[in-house]
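Undergrad: Sharing a structure here in structure tokens format.
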């Protein structure tokens with residue numbers, strides 16, 4: 001999976017906000033604190049529905065294979081629960097400050113500057129989106145209620161309007177959460193607190209925005225029509241606004257709404273003073289309201305039900321102590337050889353990727369368990385940090401990957417096909433890491449020394465390794481094996497994985513109600529911020545397409561004249577560069593769907609072995625997935641770098657981490673080259689499965 005837990009923000013600001021919630025007597029705004037508590041209370045009730053979702057999936061599989069019974073209503077019930085959890089979770093994530101943001105500049109600002117940015121962001125970007133969704137969402141629900149809409153299937157659930165009611169209700173909650181943050185920030189800005197001014201001022205962000213404005217102005221000379229200029233300005237504005245530190249989801253949504261308004265002004269001749277031609281985009285308030293139906297389609301997407309289940313599975317496995325057992329056993333087996341600790345970390349990273357796969361959690365866990373030991377044994381700090389960061393990011397590619405679930409949805413492909421297509425490239429990349437570490441340790445013995453007085457492993461050590469490895473391997477077999485064998489769908493397998501991880505935690509005597517509650521909260525928050533980016537990307541992509549963005553991008557790519565293979569290389573190069581400033585979620589939701597018609601039109605001759613319908617598209621998606629793995633390691637917004645720095649022992653600097661990841665980024669590009677040269681690495685396994 002490719003989901004990261006709450007990214008590293010400015011700790012002082014987040015801690016201060018949490019203290020206000022925990023100690024309302026220190027705040028003079030009891031109304032704001034009360035709103036926070038109401039939103040959190042609703043979230044605490046709804047997050048328990050994830051347990052109901054697990055039970056529904058397990059019941060569905062059990063009834064089918066144990067009693068040969070099938071209940072179609074259970075399918076719809078599952079995505080009803082998913083829609084409820086994700087939509088309500090968005091407001092909870094705002095209350096707990098769990099949304100993804102680019103904090104490269106944000107973390108350097110004073111708290112006062114951060115609050116000003118948040119106030120402006122809420123008023124100018126988030127508030128219009130909330131108003132749109134409440135107004136249009138209520139009309140959408142009211143029409144469904146008026147006709148007493150029910151499932152389109154005769155065996156489906158009645159009262160379809162009940163799920164549609166979640167849209168306006170959830171945005172009312174989001175509006176309340178935004179209002180509470182706004183009140184807290186305004187109150188703090190009015191107070192005279194010298195500590196709030198410590199740090200850099202808004203000039204830092206304004207300078208960055210001015211730079212992006214110059215870039216946008218320069219790029220407009222490359223296009224001819226007003227619509228094309230708006231597309232360029234919209235995309236550059238979005239990237240520029242990201243560096244203010246305002247959450248990515250609301251930056252996407254707000255940018256889309258602002259440019260919808262600008263396009264409306266051009267349509268009606270109100271922008272003639274600019275000297276640009278009028279447009280005929282047809283964008284207006286009612287047109288933009290069509291995104292409500294698209295959001296409902298995302299809420300009711302059965303494929304995406306797997307998201308919270310795979311997240312729950314990974315988080316529960318992290319709590320179960322599986323990684324600690326693996327580290328203890330494998331260190332005894334490989335720790336006696338030169339580079340053995342680094343090899344151990346990589347092997348555990350591969351196992352975690354195929355069982356937990358949550359990138360942020362894996363990096364933090366591997367960093368806590370192994371980095372102090374490697375530094376204490378005299379390992380090169382760049383090597384040690386590079387191994388941890390790279391091994392922890394393998395879950396972005398090795399299935400079950402949440403990124404692949406989202407890619408399958410966006411590209412209209414089978415999740416199972418993408419899982420099978422990514423398995424061999426993911427394992428190849430892990431083997432490349434192992435070979436590099438082995439050779440590096442031989443050529444640089446001082447950088448990866450063998451421990452002094454180490455004992456040769458005996459059969460007891462091998463037995464302990466087997467005992468430690470079998471449970472996670474069994475879970476991997478249950479999840480991926482059932483998908484590959486066609487026994488379960490990916491959604492059903494995700495529920496099996498969630499209950500399996502819970503059973504492992506019980507078997508290891510690690511399961512407590514406190515840990516279960518922490519897993520539920522983390523699942524709720526993580527699913528919510530991913531879904532929030534879905535919401536923002538829906539608005540952004542809708543406006544971008546209405547402005548002709550897809551035609552412009554298709555024309556620009558086609559005009560390179562590089563031929564089929566050259567065009568694929570060009571696209572991958574652009575994705576690689578975007579990974580420096582954007583997270584994989586934004587690239588997957590915004591950029592990737594625009595590439596489908598381009599790739600289909602290239603006439604690529606990719607072997608499908610007579611069994612795969614769209615081998616070229618599957619191959620291309622895997623290439624993009626391997627490329628996006630680099631986005632976790634490339635500065636300035638490589639999340640794995642900040643996760644690792646947050647748990648690194650004293651003496652390990654960010655410069656060590658930056659130097660350490662360079663060879664692994666190159667190794668990832670080597671793996672990308674292998675898949676590009678030999679497409680069968682991606683297409684053979686899905687074909688064999690058929």
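Quick note: the coordinates plus some simple rules give every number you see, no bench work behind them. These numbers were taken from a predicted model, which means no experiment stands behind them. Neighbour counts are summed over all protein chains in view; Cβ atoms, including those assigned to glycine, are modelled from backbone coordinates with ideal geometry.
Undergrad: To check my understanding: the extent here is largest minus smallest coordinate of the Cα atoms along each principal axis. What are those three numbers for segment 132-259, in Å, largest first?
TA: Its Cα atoms span 59, 50, 21 Å along the three principal axes.
Undergrad: What shape does segment 548-630 have by the C-alpha gyration tensor, where a ≥ b ≥ c are the square roots of the eigenvalues, rounded means a/c under 1.5, and otherwise prolate means a/b greater than b/c and oblate the rest?
TA: Taking the square roots of the gyration eigenvalues as a ≥ b ≥ c, segment 548-630 is oblate.
Undergrad: Can you give me the distance in nm between label points at residue 135 and residue 554, each placed 7 Å from the Cα along the Cα-to-Cβ direction?
TA: With each label point 7 Å from Cα toward Cβ, the separation is 3.2 nm.
Undergrad: If one puts a single equal scatterer on every Cα of segment 398-530 and applies the Debye formula without solvent, what log₁₀ I(q)/I(0) results at q = 0.20 Å⁻¹?
TA: -1.23
Undergrad: Could you give me the radius of gyration and the Dmax of segment 180-220, taking only the C-alpha atoms into account and expressing both in angstrom?
TA: Gyration radius and largest Cα-Cα distance of segment 180-220: 15.7, 44 Å.
Undergrad: Under the √(5λ) rule applied to the eigenvalues of the Cα gyration tensor, what semi-axes describe the equivalent ellipsoid of segment 269-402? Give them in Å, descending.
TA: One finds semi-axes of 48, 21, 10 Å for segment 269-402.
Undergrad: If you don't mind, another one. Return the Rg/Rh value of segment 485-602, two decimal places, where both radii are evaluated on C-alpha atoms and Rh is the Kirkwood radius.
TA: Rg/Rh for segment 485-602 comes to 1.15.
Undergrad: If N is the number of residues in segment 571-690, what value comes out of its Cα radius of gyration divided by 2.2 N^0.38 Å?
TA: Segment 571-690 yields a ratio of 1.24.
Undergrad: Then there is this: With everything on Cα atoms, drop me the angle between helix 549-558 and the longest principal axis of the chain, reported from 0 to 90° to the nearest 10.
TA: It is inclined by approximately 50 degrees.
Undergrad: Follow-up. For segment 65-136, what is the Kirkwood estimate of the hydrodynamic radius, computed as the reciprocal of the mean inverse distance between distinct Cα atoms, to one decimal in Å?
TA: 15.9 Å
Undergrad: With N residues in segment 280-334, what two-decimal value do you get for its Cα radius of gyration over 2.2 N^0.38 Å?
TA: Normalised Rg, Cα atoms only: 2.22.
Undergrad: Report the calculated FRET efficiency for residue 435 and residue 67 (r = Cβ-Cβ distance, R0 = 41 Å), to the nearest 0.05.
TA: Between residue 435 and residue 67 the formula returns 0.25.
Undergrad: Between 0 and 90 degrees, rounded to the nearest ten: what's the tilt of helix 340-355 against the longest Cα principal axis of the chain?
TA: The answer is roughly 50 degrees.
Undergrad: Go ahead and collect, in residue order, the members of segment 631-650 whose backbone nitrogen is under 15 Å from a label point 7 Å along the Cα-Cβ direction of residue 368.
TA: The answer is 643-649.
Undergrad: A further question follows. Could you check the spin-label model distance between residue 272 and residue 444? Points 7 Å from the Cα along Cα→Cβ, value in nm.
TA: 6.7 nm
Undergrad: Does segment 606-663 come out rounded, prolate or oblate, given a ≥ b ≥ c as the square roots of the eigenvalues of its C-alpha gyration tensor, rounded meaning a/c under 1.5 and, failing that, prolate meaning a/b above b/c?
TA: prolate
Undergrad: Quick one: grab Rg to one decimal and Dmax as a whole number for segment 433-504, Cα atoms only, in Å.
TA: 18.9, 51
Undergrad: Can you give the FRET efficiency for residue 302 and residue 148, using 1/(1 + (r/R0)^6), R0 = 22 Å, r = Cβ-Cβ distance, to the nearest 0.05?
TA: Approximately 0.40, to the nearest 0.05.
Undergrad: Moving to a separate point now. Just report the Cα centroid separation between segment 34-70 and segment 492-509, whole Å.
TA: Spelled out, the Cα-based centre of one part sits 15 Å from the other.
Undergrad: Given the C-alpha atoms of segment 384-437, compute the convex hull and give its volume per residue in Å³.
TA: Taking the convex hull of the Cα positions in segment 384-437, it is 65 Å³ per residue.
Undergrad: A follow-up question, please. Between segment 137-170 and segment 616-690, how far is it from one alpha carbon centroid to the other, in angstrom?
TA: That distance is 42 Å.
Undergrad: Can you compute the radius of gyration and Dmax for segment 220-290, using only the Cα atoms, both in Å?
TA: Using the Cα atoms of segment 220-290, the pair Rg, Dmax is 12.9, 34 Å.
Undergrad: Any idea how far apart residue 565 and residue 485 come out in nm if each label point goes 7 Å out from Cα toward Cβ?
TA: Once both label points are built, they end up 4.0 nm from each other.
Undergrad: Could you work out [θ]222 nm for the chain from helices alone, using -39500 (n - 2.57) per DSSP H run of at least four and dividing by all its residues? Round to the nearest 500 deg cm²/dmol.
TA: Counting only the DSSP helices, I get -23000 deg cm²/dmol.
Undergrad: How high is the FRET efficiency between residue 650 and residue 287 when r is their beta carbon distance and R₀ equals 56 Å, given to the nearest 0.05?
TA: 0.50
Undergrad: Give me the log10 of I(q) over I(0) for segment 247-346 at q = 0.20, 0.22 Å⁻¹, as the Debye formula computes it from C-alpha points; what are the numbers?
TA: One equal scatterer on each Cα of segment 247-346 leads to -1.04, -1.10.
Undergrad: Along the three principal axes, how long is the chain when you take its alpha carbons, biggest first, rounded to the nearest angstrom?
TA: Largest to smallest, the principal-axis extents are 79, 66, 63 Å.
Undergrad: I'd like the orientation of helix 111-121 relative to the chain: the angle between its Cα long axis and the longest Cα principal axis, in ° from 0 to 90, rounded to 10.
TA: 60 degrees
Undergrad: Taking the mean number of other Cβ atoms within 10 Å as a proxy for protection, how do you rank 167-174, 40-47, 668-675, 151-158 from highest to lowest?
TA: Order by mean packing, descending: 167-174, 668-675, 40-47, 151-158.
Undergrad: Take the alpha carbon atoms of segment 24-174, find their radius of gyration, then divide it by 2.2 N^0.38 Å using N residues; give the quotient.
TA: Taking N as the residue count of segment 24-174, the ratio is 1.35.
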